[in-house]
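**Student:** Would you mind keeping the following structure in view while I ask a few things?
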Amino acid sequence: MTGLLALFWSVGAMLGAPESDTLHARSSSPPTLMNNTRITYSSKLNLPTFVCDSAETCLAFCVNDSKCGAIVYMEPYEPIKVPRPGCAAQRWGVDGCCYPAPVLATYDIVPPGQPATYGFVSAIVRHAPGPPAPPPWIPAAWTPTYEMNKSISLYWRNGTGIEPADFYDGYGLVMLDWAHGAQEWINAESPMDNGAGLAKQCEVIKAQHPETKCVVYRNTVIGLNQFRHVSRILDDPAYNGFFLHFKPGATQTGQCWGIVDPRARGTSGEFSAEDPLWPTPTICATPELTDVHVPFCDRADPTKCNRQLYFDQNQCPQVPGHNWANDTEETYQGLTCFGKTCDCGESPCGEFVFDFRNASMIEWWLNEHMGGATALGHPDVDGLILDDHWSAGGPSEIDSHCKEDTGLTAADVSAIMSAYSGAMAQLFQSIAHKGKFLAGGRDQAYSGDKMSTSNSHACLAKLSSMCSSTPSFGQWYAVDYTYMPSPDYGIAPTNARLDVAYFLLTRAPFAWIGGGPMFGWHMSHWWAENKSRPITYRKDLRPPEFNADYGVPTSNCTATTAGVFQRQWTKAVVSIDCTSMEGTIDPL
């Protein structure tokens, strides 16, 4: 709670000075309270001001004096109710506070000749702006993580197998993407179990690093049957109502193939025409009007089909040479099945879509998909990182013809969106109730804030707001990196010192910073064996500023000179000059 003020009123007599040990005064002299002082709201700064660390301490300034009442409100104008013991009638004024005397209607100047029993301002006690309360997605049992080595986040997938705990030394928050350890969980069990693989990695991490937070991926919209808890119900006809269906009479008679991804943003790098790992969208020959735009059957085993429940195969385990999207030897992000086909149960491995109009599905989704033994119900899983959403255009990251191929009307989509929103609200409550963590917060943010991509104007606007007398704080940060084009194939930080300085300047008690956009996710998977140099996360995406000890902050960030902002830490002084766009971290 920031900016709390208490305006104290004397009733016809001088108040005694409060005990000095009840306040953290900014001056060494005791307060000189004033009697019968006429005041306007704008002139309040002319009164004695004292800093206290809680609303209770502020009220103790006069709460035990039978002659004193108090107005307590949030700056700028929002009142809060704080009852004062001893009020004869427990009368609540228009600003929500209890008085022993009549209440003035406004904070304007006291009219001349006003009876003394109405009271006049005696002093102001200010609750010093401090760190914000943790957001609701932070478990109440967690303690702040100001230490730098507990504030580094890693959103990771290696595509190969479970890694030893040593790999995660020096990371405070590890978020495991769905494809992490893929070649191990794809081929270890039949049917495969993506969820068990992620939970196993958390077990390994927590055994050696119990304080490291381990978070696993869950999709809110797409039912990936590479997760065994999904394939189990997908294979049972009793649960067909949990998923969207192909439109009545759907056929798939034409050939399907891939084209260059239209999201390409250049001639090289991820999402480009040269990127061999991102699945290309599918175009199908449609000689029949009833044809849908996605295959019903597995490409490696054409006898394995699902002609009832809608699915595509954009981001799924595949057999090399039998990729549904591009029919090449290179599978999507290393999701390689070594057998004749991929075993995701009785249906082809695919992206099926949950139908949120089914209340029973929502119950299963909350208790099993999100809350089950490999997710929130696992003791070594600290929380979830969520993906995808519903919009008027349909489900995200699904073939663009999904609405057409399922026959959904605008009313159908509206009903699904409404039910999805309600289910998400229940999920947020469930996460909080279980004392678990929601990575990225309720907006499911994947991108960390950074300063190195800003200009001087944006820097000044942002820090002038964040470092004001009522400061704001951030939770998610990143060091920006850029791709180096062929033939070098590497990455380079834009300005790591500036990004880390921004983090230290404006971070909240619970905050994390990662190397690379999306907490490092892009950097962790794009570089394949056929590139000249794979990326080593600890070498390439962990700048030296990550490895220092800055202590804990002793102040909020403030403006010092024009365009310069500073924050004191116990072991460093951090500043940013928005004119030169330089970040400075000076050890103490």
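The values are calculated or read from the model by the stated rules, or taken from the named source; none is laboratory data. Since the model is a prediction, treat every value here as computed from it, not as a measurement. Quick reminder, even Gly has a Cβ in these numbers, built from the backbone with ideal geometry, and neighbours come from all protein chains shown. Surface areas here come from the heavy atoms of the whole protein model, side chains and all, with no ligands, DNA or RNA. Shrake-Rupley method; radii C 1.70, N 1.55, O 1.52, S 1.80 Å.
**Student:** Quick check on packing: order 409-422, 192-205 by the mean number of other C-beta atoms within 10 Å, highest mean leading.
**Tutor:** Details: 409-422: 14.5, 192-205: 22.9.
Ranking, from highest mean packing down: 192-205, 409-422.
**Student:** Which cross-chain or sequence-distant (5 or more) residues have an amide H under 5 Å from the amide H of F243, H modelled 1.01 Å from N in plane?
**Tutor:** D355
**Student:** What's the local net charge at Q315, with K and R +1, D and E -1, over the other residues with C-beta under 10 Å away?
**Tutor:** Spelling it out: positives minus negatives among the neighbours equals -3.
**Student:** Would you check the accessible area of H401, probe 1.4 Å, heavy atoms only, in square angstrom rounded to 10?
**Tutor:** Near enough 50 Å² of accessible area.
**Student:** Quick one: what are the phi-derived ³J(HN,Hα) couplings along segment 370-380, Karplus 6.51/-1.76/1.60 with θ = phi - 60°, whole Hz, x for glycine and proline?
**Tutor:** 8, x, x, 5, 10, 10, 5, x, 8, x, 9
**Student:** What is the set of long-range amide H partners of Y481 at a cut-off below 5 Å, with H atoms built 1.01 Å from backbone N?
**Tutor:** Excluding prolines and chain starts, which carry no amide H, the hits are T494, G516.
**Student:** Once you list every other residue whose beta carbon is under 14 Å from the beta carbon of I576, what net charge do they have if Lys and Arg are +1 and Asp and Glu are -1?
**Tutor:** Neighbour charge sum, excluding I576 itself: -1.
**Student:** Using the Karplus curve 6.51 cos²θ - 1.76 cosθ + 1.60 with θ = phi - 60°, work out ³J(HN,Hα) for each residue of segment 577-583 in order, rounded to whole Hz, and write x for Gly and Pro.
**Tutor:** Those phi angles translate into 9, 6, 6, 8, 6, 10, x Hz.
**Student:** Pairs to check: K150/K206; K436/K571; K436/K539. Give those whose C-alpha atoms are more than 20 Å from each other in this structure. Kindly include the intermediate steps, with their values, before the conclusion.
**Tutor:** Numbers: K150/K206 14 Å; K436/K571 32 Å; K436/K539 31 Å.
Going by Cα-Cα distance, K436/K571; K436/K539 fall outside the 20 Å limit.
**Student:** Tell me, what % of the accessible area of segment 344-396 is carbon and sulfur with a 1.4 angstrom probe?
**Tutor:** 47
**Student:** Kindly report, to the nearest 10 Å², the accessible surface of E351 as traced by a 1.4 Å probe over protein heavy atoms only.
**Tutor:** Per-residue accessible area (E351): approximately 10 Å².
**Student:** Additional query: Would you mind calculating the relative contact order of segment 295-421 from Cα pairs under 8 angstrom and at least 6 residues apart, reporting the percent as a whole number?
**Tutor:** 20
**Student:** While we're on this one: Which far-off residues, 5 or more places away or on another chain, put their amide H under 5 Å from the one on L309, with H placed in the peptide plane?
**Tutor:** Result for L309 returns F246.
**Student:** Arrange the residues H229, H457 by how much accessible surface each exposes, largest first, with a 1.4 angstrom probe.
**Tutor:** H457, H229
**Student:** Over the heavy atoms of F246, what accessible area does a 1.4 Å probe trace out, to the nearest 10 Å²?
**Tutor:** F246 exposes around 20 Å² with every protein chain in place.
**Student:** May I pose another question? Could you report segment 432-516's accessible area per residue, 1.4 Å probe, as an integer in Å²? It would help to have the intermediate numbers written out before the result.
**Tutor:** Working: 3140 Å² over 85 residues.
Value for segment 432-516: 37 Å² per residue.
**Student:** Continuing with this model, one more query. With Cβ to Cβ distances under 12 Å as the rule, what net charge do the other residues near A501 carry (K, R +1; D, E -1)?
**Tutor:** Taking every Cβ under 12 Å from that of A501, the sum is -1.
**Student:** Kindly write out, for segment 235-250 in residue order, the coupling ³J(HN,Hα) from the Karplus curve 6.51 cos²θ - 1.76 cosθ + 1.60 (θ = phi - 60°), rounded to whole Hz, with x marking Gly and Pro.
**Tutor:** 7, 9, x, 5, 9, 4, x, 7, 10, 5, 10, 4, 4, x, x, 5
**Student:** Carbon and sulfur: what percent of segment 170-227's accessible surface (1.4 Å probe)?
**Tutor:** 45
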